[in-house]
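Colleague: Let me begin by handing over the structure; questions about it come next.
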Amino acid sequence: MFMSGRKYIVKLMVLALASMAVTFAASGQDPQEPQQQDAPAPGKPKPAARGIPSISDPDSTIEDQSRTPSWQPDDSPATGLQVPGLGAPELAHSYWVPGLEYGSTIQSQPLGQQATSGWYANNYVGGNLSLLESWGRSQLALNYSGGGFFSTSSQLNSGTFQQLSFGSGFNLGRWQIQLFDYFSYLPDSQFGFANGTNLALPGISGALGPTIASLGLGVLPSQSIYAAVGPRYSNAGVAQATYLFSPRSSITAGGSYGLLHFTQSGNVDSDMSIGSIGYNYAVNRNDSIGVVYRFTGYHYAGEPQALGNHVVNFVYARKISQRLAMSLSAGPQITTYRVPIGTQTQDISASGGATLNYAIQRGGIGVSYFHGLSNGGGELVGSNMDQVSSNFTHGLGRVWTLNANLGYSHNTQLPGLSNSQSFNDWYVGGGVSRPFGRNVDFAVSYSARFESSNASTCTGPGCNTDYTQNLVSLSLQWHTRPFVLP
């Protein structure tokens, strides 16, 4: 039975508080006075960051802020559950900063199985919060946005929205511990939601929003089928530990629990649990290799079917601080079925993925790809999925920034069924953003969503196998000056 939103939020708060308690406990082991330390050996976790340049120099321009005097490289393990990044600036102060936000998505028709016409708007009004607290061996970062929305569509009316990203990590000798949580409650799919605007992401926009590692596409519950309609809760919580055998070799073990639950009937609610263990080896300063075993269990509310997915991937990662972060993985997977599909009790196939973050002058390129088993996106009881997401940003002049976004997902029913259903879903778009003064950020974008299926997902005269939606999204965000934490 579907659990209430209040229970999910309580679970999330408990996880966040527990993570904060662990981090504060670890920080209590730090010495009172900083001590001079030797430079870390290759592959050894780096000390936590300390603040951002914009606090010490609030009048600096965007170009000035890009000239970071010191940088904390990304030290995530090659076989971890997160995506490798470019690192982050070492900071002068811990801080927190609150703000307010207005956003709107003006859409050509509601997401749904039936073909309808007519434009409508979802208007979002809420608050934002970003926080970064650092100690000598630990760090806690949080981005949050939430409030209410009202819609001109009779299908949605009004409601609330919430988005949260949370990350905490600390180093204890040879141990590196990391905790992450990503939560959202939105009126429709997060796949392409308000792309190109600040409304798409939690927290304060720009340099004041602390960098939190992204999770791999195979770790997050998929929402990439637009035929699954209505408000939904999505959450993915991760705990991960890495132990260093030597400056070059380490082992990483992690676990994750994710869910995708809808507030209205007609969709497929799912839960996914992940256990992972991998071996990492630093070939040189920039290149690492590894091998990882990962098990994912999928369960579906009200369905007798359950899936078990065993994956062995070989991993290659290359990271050049402030410039490049790339990973490639590939290997076999075995999927087992609790209830046989046709005559099959299991399926053997391939899985893999790739990520790329590349910094260019006054901009960047990001690409993620995943091939393997997914939760089914709220429409299928498990699916074989290919998904790619990409973004591009580039500065125009001194204040304007151009962005472009593209995403594609192909989901097919598991093998063994006589009438295998498949979905192809796209989003594509672009926009511009700029700050106004020190405290206001504005963004506007256009995007289009497309879906095609080999079979209709509903009955009635208005049903169609193809679907197109046009969206104009905008956001206006105001925030205070950052408040420095002791």
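The values are calculated or read from the model by the stated rules, or taken from the named source; none is laboratory data. Please read these numbers as outputs of a predicted model, since none were measured by experiment. Ideal geometry is used to build each Cβ from the backbone, glycine not excepted, and the neighbour counts take in all protein chains shown. Please note that ligands, DNA and RNA were not included when accessible areas were found on the heavy atoms of the full protein model with its side chains. Shrake-Rupley method; radii C 1.70, N 1.55, O 1.52, S 1.80 Å.
Colleague: Conditions: (1) in a strand (DSSP E or B); (2) within 23 Å of Ser374 (Cβ to Cβ). Asn195 meets all but one. Number of the miss?
Modeller: It fails just one condition, (1).
Colleague: From the list Tyr243, Tyr182, which residue is closer than 28 Å to Asn128 by Cα, at pLDDT 95 or above, among the hydroxyl-bearing types (Ser, Thr, Tyr) and assigned to a strand (DSSP E or B)?
Modeller: Tyr182 is the lone residue from the list that is closer than 28 Å to Asn128 by Cα, at pLDDT 95 or above, among the hydroxyl-bearing types (Ser, Thr, Tyr) and assigned to a strand (DSSP E or B).
Colleague: While we're on this one: Within the stretch 226-235, how many residues are under 14 Å from Leu164 (Cα atoms) and either open to solvent by less than 20 Å² (accessible area, probe 1.4 Å) or part of a helix (DSSP H, G or I) (or both)?
Modeller: 1
Colleague: If you go through the stretch 174-205, how many residues are aliphatic (A, V, I, L, M) and surrounded by 24 or more Cβ atoms within 10 Å (Cβ to Cβ)?
Modeller: 3
Colleague: Please tell me if Leu201 is modelled with pLDDT under 95 and closer than 25 Å to Tyr408 by Cβ.
Modeller: yes
Colleague: Is there a residue in the stretch 247-263 that is more than 29 Å from Glu133 (Cα to Cα), within 22 Å of the chain's Cα centre (by Cα) and open to solvent by 20 Å² or more (accessible area, probe 1.4 Å)?
Modeller: Yes, that holds for at least one residue.
Colleague: Okay, next question. Checking the structure you have, find out if any residue of the stretch 302-314 is of a type outside the set (Gly, Ala, Ser), in contact with a helix residue (DSSP H, G or I) (Cβ under 8 Å, 6 or more places away or on another chain), open to solvent by 20 Å² or more (accessible area, probe 1.4 Å) and at pLDDT below 95.
Modeller: For the stretch 302-314, residues of a type outside the set (Gly, Ala, Ser), in contact with a helix residue (DSSP H, G or I) (Cβ under 8 Å, 6 or more places away or on another chain), open to solvent by 20 Å² or more (accessible area, probe 1.4 Å) and at pLDDT below 95: absent.
Colleague: Mind checking which residues of the stretch 218-233 are over 18 Å from Ser383 (Cα atoms) and at pLDDT 95 or above?
Modeller: Arg232, Tyr233
Colleague: Something else: Out of (1) hydroxyl-bearing (Ser, Thr, Tyr); (2) surrounded by fewer than 16 Cβ atoms within 10 Å (Cβ to Cβ); (3) within 25 Å of Val367 (Cα to Cα), what's the single condition that is false for Ser329?
Modeller: (2) is the only condition that Ser329 fails.
Colleague: Looking at the stretch 361-403, which of its residues are of a type in the set (A, V, I, L, M, F, W, C) and without any contact (Cβ under 8 Å) to a residue 40 or more places away in the chain?
Modeller: Ile365, Val367, Val388, Phe392, Leu396, Trp400, Leu402
Colleague: Next question, about the same structure. When Leu156 is evaluated against the numbered criteria (1) part of a strand (DSSP E or B); (2) open to solvent by 20 Å² or more (accessible area, probe 1.4 Å); (3) not charged (D, E, K, R), which criterion, by number, is the only one it fails?
Modeller: Against the list (1) part of a strand (DSSP E or B); (2) open to solvent by 20 Å² or more (accessible area, probe 1.4 Å); (3) not charged (D, E, K, R), Leu156 comes up short only on (1).
Colleague: Suppose the filter is outside any strand (DSSP E or B), more than 23 Å from Phe193 (Cα to Cα) and in contact (Cβ under 8 Å) with a residue 12 or more places away in the chain; does Val312 pass it?
Modeller: Here the answer is no, as Val312 does not meet what is asked.
Colleague: Can you name every residue in the stretch 283-297 that is part of a strand (DSSP E or B) and either of a type in the set (Val, Ile, Thr) or farther than 19 Å from Gly352 by Cβ (or both)?
Modeller: Within the stretch 283-297, Ile289, Val291, Val292, Thr296, Gly297 meet the criteria.
Colleague: While we're here: Would a scan of the stretch 213-225 turn up a residue that is outside any loop (DSSP other than H, G, I, E, B), over 27 Å from Thr263 (Cβ atoms) and not polar (S, T, N, Q)?
Modeller: no
Colleague: Can you tell me how many residues in the stretch 264-282 are of a type in the set (A, V, I, L, M, F, W, C), closer than 19 Å to Gln178 by Cα and either outside any strand (DSSP E or B) or open to solvent by 20 Å² or more (accessible area, probe 1.4 Å) (or both)?
Modeller: 1
Colleague: Filter the stretch 123-144 down to the residues that are within 12 Å of Tyr95 (Cβ to Cβ) and either open to solvent by 20 Å² or more (accessible area, probe 1.4 Å) or among the basic types (Lys, Arg) (or both) and list them by number.
Modeller: Leu129, Leu131, Glu133, Leu142
Colleague: List the pairs whose first member sits in the stretch 165-187 and is free of Cβ contacts under 8 Å to residues at least 60 places away in the same chain, whose second member is among the acidic types (Asp, Glu) and crowded, with 21+ Cβ neighbours inside 10 Å, and whose Cβ atoms are under 9 Å apart, counting only residues at least 6 apart or on separate chains?
Modeller: Ser165/Asp181; Gly167/Asp181
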